[in-house]
Amino acid sequence: MGHFELKIVNQHFLTQELEEPCSHGPIYLKVNDVMISSEDDGDWVINEAALALMRTVRYGFPNPLAAPPRYYPEGIKEETLINCCGAYMLFCSSYIKWNVTLNGNEVTLSHFVKNDHVDYRDLAVTLPLAEYATIVYAFAEQASDFYIGKDVDAGGMELFEGQYGQFWQEFEEHMKYIKEKYIL
């Protein structure tokens, strides 16, 4: 078994107007003794990363049999886990992704890639699935808690009507799934 750390360093919106659907901030990501992301890497899209990571607990990643997130525009595939821009600004070249292979009560995280040119393909860690789920759940809960008391009006940034609502509906469904299945 190895070591996997994933934490939100801090969160903020890019403006004070609360019209943007995404929270941003640095993410701390360390696998075994390899630092993949820290404050030095700048901001990532936090809430979208949280949903993508929760989906890995349920479906693994990549998984061609899993439908893309419901808030994605039709025809767009889920190709990364952590993005600088998110689905609202498609095809961002700043991202982090890795394979998530579910195997019974264990999960193997492998083939880490950052921004296409930083390749940790030999890096891998196997964890109890419940431990990975707990780490992802804590990340997602912190992402969600940031929105408490904030009246975000993202309608002007939606690529289709109801996109923002669909995001949070799926987010809550995955939170519930992980909590009921893995959080004691």
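The values are calculated or read from the model by the stated rules, or taken from the named source; none is laboratory data. Because the structure is predicted, anything quoted here is derived from the model rather than measured. Cβ: placed from backbone, ideal geometry, glycine included. Neighbour counts: every protein chain shown.
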request  = Residue by residue through the stretch 114-125, note down the ones that are surrounded by 16 or more Cβ atoms within 10 Å (Cβ to Cβ) and within 15 Å of Asn32 (Cα to Cα).
outcome  = Tyr120, Leu123, Ala124, Val125
Tyr137 in contact with a strand residue (DSSP E or B) (Cβ under 6 Å, 6 or more places away or on another chain), closer than 23 Å to Gly25 by Cβ, surrounded by 13 or more Cβ atoms within 10 Å (Cβ to Cβ) and hydroxyl-bearing (Ser, Thr, Tyr) = no
ask   = Are any residues in the stretch 18-54 more than 15 Å from the chain's Cα centre (by Cα) and assigned to a loop (DSSP other than H, G, I, E, B), and if so, which ones?
value = Leu18, Glu19, Glu20, Asn32, Asp33, Ser38, Gly42
query = Across the stretch 55-69, what is the number of residues that are outside any helix (DSSP H, G or I) and of a type in the set (S, T, N, Q)?
reply = 1
task = Specify the residue that is nearest to Val136 (Cα to Cα); the eligible residues are those in the stretch 1-56 that are hydroxyl-bearing (Ser, Thr, Tyr) and in contact (Cβ under 8 Å) with a residue 12 or more places away in the chain.
result = Thr56
Within the stretch 20-55, tally of residues that are of a type in the set (Ser, Thr, Tyr) and touching a helix residue (DSSP H, G or I) at 6+ places or on another chain (Cβ under 7 Å) = 1
note = Of those in the stretch 9-45 that are within 25 Å of Ser110 (Cβ to Cβ) and polar (S, T, N, Q), the residue surrounded by the most Cβ atoms within 10 Å (Cβ to Cβ) is Ser37
ask   = Limited to the stretch 130-182, what total is found for residues that are at pLDDT 95 or above and either within 15 Å of Met54 (Cβ to Cβ) or assigned to a helix (DSSP H, G or I) (or both)?
value = 30
query = What about Tyr71, is it more than 12 Å from the chain's Cα centre (by Cα), more than 23 Å from Lys7 (Cβ to Cβ) and hydroxyl-bearing (Ser, Thr, Tyr)?
reply = yes
